[in-house]
1. Residue 115: surrounded by 11 or more Cβ atoms within 10 Å (Cβ to Cβ), of a type in the set (Ser, Thr, Tyr) and out of contact with any Ser or Thr (no Cβ under 8 Å at 6 or more places or on another chain), yes or no?
2. Given the options 207, 121, name the one that is on the phi < 0 side of the Ramachandran plot, at pLDDT below 85 and not hydroxyl-bearing (Ser, Thr, Tyr).
3. Check 183, 215 and return the single one that is farther than 19 Å from residue 112 by Cβ, out of contact with any strand residue (DSSP E or B) (no Cβ under 9 Å at 6 or more places or on another chain) and basic (Lys, Arg).
4. Tell me which residues, restricted to segment 225-239, are closer than 20 Å to residue 101 by Cβ and over 10 Å from the mean Cα position of the chain (by Cα).
5. So, in segment 66-84, how many residues would count as being assigned to a loop (DSSP other than H, G, I, E, B) and under 14 Å from residue 293 (Cα atoms)?
6. Across segment 120-141, what is the number of residues that are aliphatic (A, V, I, L, M) and out of contact with any helix residue (DSSP H, G or I) (no Cβ under 6 Å at 6 or more places or on another chain)?
7. Is it the case, given these coordinates, that residue 43 is modelled with pLDDT under 70, small (Gly, Ala, Ser) and not in a loop (DSSP other than H, G, I, E, B)?
8. So if I check each of 106, 88, which one is in a helix (DSSP H, G or I), among the β-branched types (Val, Ile, Thr) and not assigned by TED's automatic domain parsing to the domain that holds residue 229?
Amino acid sequence: MITKIRTYLRNEAHRFERRVKAKGFKQEVSYRVTKIVVSIVRSFIVFGLCFVILYPILQMIVAAVTNPDDLSNPLVVWIPRQFSLEFIQFAAEILDYRTGLINTAIMSFGVMILTLITSSLAGYAFAKLKFKGINILFFFVLFTIVVPPQTIAMPLYMIFNRLGLTSTLSSVFILAFLGMGIKSGIFIFIFRQVFRNLPKELEEAALIDGCGVFKTYYLVMLPNASSAFITVGLFSFVWQWNDVFYTRLLIAVENLNILALNLTSVSTKLVYMLQKLGVDQTLAEGISRNPLLVGTIANTGALLMMLPLLIGYLFVQRYFVESVERTGIVG
């Protein structure tokens, strides 16, 4: 009797072990299948996004090196029959590329420096200094993020025009210095969050050593906010480089060559350039109304405008990614 019971229990144990192994095998197969499906879906989404982003850029690059005779040829889709740099030369001359590049770089770099100074000071004040009405003031700073700049365009132009500061770079510099530049509210918010996350003991130790508010800000806070400086500096430089609204509002195209402004007047400048080459005015105006030709020259000019930013990004990519991770910016 005891032997039968032992045999029965041994057989049941074997059956249970086989069921467990079969169930584990099924779970492993299900996990692997799910992992493969997720990987395929993720790769499909990434490929789709890359295609949507890169396809127009690749088209612009191909059109930039296409011969003008092949531009309207329906047989030429991607690979041109004759490679040519004529569109690049047209775009460079229309943009007045060398002078425009220098002026745009000076403007963007100056705005970046002034934005870093004012935004970091304001962010430090909102994070560490306590005074009445600080929350109300910070609310107005955040309010500037959601208010479209077009709502203050007319009074802004009237003020600078009355002061005689239009058609010069000083108007853009003054906006950045007063914390009214492009996305200044976001930059102040970034600095405020970074300074708030710094240990309070650092500030207290500086005060014990006899440092005042500005000395604490300069010697203690700034070295610990390098990630915010890199993030804000790069964003402010790039946004000012590509800005059209403020520069078009405060700077006239004919008075100062800025790449973004020259890019908005391709058709007019094309007529002038063709007349310099000896083309009749009527014919030049007809050519300038060709949307395919003007669009190709404008796209080529946009590539030339982006080229310095792409080259610069290759050198600062690692610092930019690290700074974005440290400041907590996502999306």
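The values are calculated or read from the model by the stated rules, or taken from the named source; none is laboratory data. Just so it is clear, the model here is predicted, and its values are computed rather than measured. Note that each Cβ is placed from the backbone with ideal geometry, even for glycine, and that neighbours are counted across all protein chains shown.
1. no
2. 207
3. Working: 183 fails: farther than 19 Å from residue 112 by Cβ.
Every option except 215 fails the conditions.
4. The first filter runs over segment 225-239 and keeps only residues closer than 20 Å to residue 101 by Cβ, leaving 233-234, 236-239.
Correct list: 233 only.
5. First, the residues of segment 66-84 that are assigned to a loop (DSSP other than H, G, I, E, B): 67, 72-82, 84.
In the following step, the residues that additionally are under 14 Å from residue 293 (Cα atoms) were identified as 67, 72-73.
Summing the residues that are assigned to a loop (DSSP other than H, G, I, E, B) and under 14 Å from residue 293 (Cα atoms) in segment 66-84 gives 3.
6. Going through segment 120-141 one residue at a time, the tally reaches 6.
7. When the stated conditions are applied, residue 43 does not pass them.
8. Residue meeting the stated conditions: 88.
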